[in-house]
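Read through the structure below, which is laid out as C-alpha cells, and then see the notes.
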Amino acid sequence: MKKRKFNFSKKLLIFSITISIVGILITQFLNLTFLDKFYIYRKKIEIPYIANNVKKLKNNEEKLLEYIIEENSENGVQIILGKKIVPNYRRIKNEHYHILKRNLPERKVIIRNTKTGGRYLTYYDTIDGKTPLTIFLPLVSFDNYRVEVFIIQGISIFIALIISFIFANFFSKKLTKNIQKLRDASQKISNQDFIDKIGIHTNDEIEELAISIEKMSNNLKISINDLRNFVGNASHQLKTPVSIVNMISQNLESNTDLSEKEKKKLYAALIRETREMSELINNLLFLSKISYSKNNLIKKEFILREVIQESLSKYELIELEKDLTLNIDIEKDIKINTDYRFFKVVIDNLIENSFKYSPENSEINVFYKNNMLIIKNKIKNVIKEKSEELFFPFKRGSNSLNESIDGSGLGLSIIKNVLELLEISFDLDIENDIFTFKMKI
C-alpha cells in the first residue's frame, strides 16, 4: 500500500491551528478555574483599604458621606457606621441589617450566602475602638454576568479560530513556497545544474539557508570544474612519461643488438621517467589528502630553524653542484605552533624550488623578520606569468620550460593548499629576476 503524502504546508497549518486551540483551551480552563477566586481575592484586598479610608475621614462627615456614596455607586460597596444606615441606601437594612446583631470576626473579610443563593463579602472593624464599621460587598453583579462572560468568550474563541486559520493558511503557504524554492534548487544542484541565485529575501534563517545553498552551489561548480581540469591535466602529464616508458620497454625487448652503453642509457631514461611518474602520483595523492585533512591536524610546537635545516640537508647535493651560497638569518629560539607534517612539506617544496630555479653561483636568503618567514632567491630568466597563475596545478613558469628543468608543476599548488589548510597567510612576489616568498607565522 502506497504511503499517503502529507505535504509540509498542511502539516504547518494543522500545527498552527492545534497551537491556537491548545492556547484557547488553556485560557478557558484558567478562566473557569481561577477567575472567580481571583476576583474575590482582589476584593478581599480592597475592602481593608476602604476601611482605612473611612477611618481617615471620620472627622469630616461631608467628605465621608461623599466617599461612601462614591464607593457604592462605582464598586457596589455598602458601608455602615455603627447602626446608622447611610441615607439613600436604606435597602441595606432589609438585606444585611440582621448581620449587625451578630458577633462578626474583627478585621477579617469573610464570604456569606444570602437566602436567595447570592453571595457577599463582609468586613467588621471599629473606629477608635468604639464606633462599629461594617462593610458589605455584594457579589451579585459578578454572579449575574458570569454566564454572559463565558458566552462572549465562546464567541471570541470561535472568531479567534477563524482568524488563526486564515493567517496560518496564509503564512504556511508563504513559508512553504520558499521551502519549495530551496527544494528545487537542491534538486538542480544534485543534477549538476548549478544555480547562482535562489531569490529568497525573508531576513531570517530561511534566507541564511538560501545564501548557504547558493555558496555551496558556487563552490561545487568551481570544485567540479577544477577537478575536471585537474584530471585532464593529470592525464596529460602522465600520458607522456607512460608513452616514453612503453617505448623504451618495447625497444629493450625487441632490439637485441643494443650495446651495453645504449642499454644503460635506455635504463637511465626509464628510471628517470618512472621516478617522475612516481613523484607526480605522490603529489596528486598528497593534494587529494589535503582536502579531507582539516579535522585531522595535529598541532604542536617546534623550532623553526630546525625544520629548515632538515629540509636543506635533503637538497645539499643540488647546492654543491650549482655552488650556491645559502644565508640563514633565523634565531634559534623562534618557535611555531602548527602541524609539523604539513608545514615540513611546504618548507621542502620552497627549498627545493629555490635550489632548482636559482642560477649557478647565486645566493639564497632565508630569514625571519616581523613575524614573517621569507625565502628569497634569484631565478633564471624573467617569468612572464603573473604570480597568482603559478599556483594553478601543473602550471609552470616560462623560465623553467626554457631551461628544461624537471618538475610536475604541482609544487606551488601544494604549497598554497597546505598553507590555506594551516590558515597561514602568504604572499609571492616576483620582481625582475628576484623570487620572494613570504608567510606569516
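For this structure, a couple of remarks:
- Qualifying residue in region 187-195 (condition: modelled with pLDDT of 75 or more, among the basic types (Lys, Arg) and assigned to a loop (DSSP other than H, G, I, E, B)): no
- Where residue 327 falls short, out of the listed (1) assigned to a helix (DSSP H, G or I); (2) loosely packed, with under 13 Cβ neighbours inside 10 Å: (1)
- Counted residues, region 310-334 - those being of a type outside the set (Gly, Ala, Ser) and within 26 Å of residue 289 (Cα to Cα): 4
- Residue in region 333-355 that is in a strand (DSSP E or B) and surrounded by fewer than 16 Cβ atoms within 10 Å (Cβ to Cβ) present: yes
- Only one entry of 181, 264 meets the criterion of being more than 30 Å from residue 22 (Cα to Cα), in contact with a Gly (Cβ under 8 Å, 6 or more places away or on another chain) and in a helix (DSSP H, G or I), and that entry is 181.
- Of all residues in region 181-199, those being in contact (Cβ under 8 Å) with a residue 12 or more places away in the chain, farther than 16 Å from residue 224 by Cβ and of a type outside the set (Gly, Ala, Ser) number 4.
- Close pairs (7 angstrom Cβ cut-off, 6 or more residues apart or separate chains): polar (S, T, N, Q) in region 353-368, surrounded by 14 or more Cβ atoms within 10 Å (Cβ to Cβ) and in a loop (DSSP other than H, G, I, E, B) anywhere: 358/322; 358/324; 358/379; 362/324
The values are calculated or read from the model by the stated rules, or taken from the named source; none is laboratory data. What you see is a predicted model; the values in this text were computed from it and never measured. Using ideal geometry, Cβ is built from the backbone for each residue, glycine included, and neighbour counts are taken over all protein chains shown.
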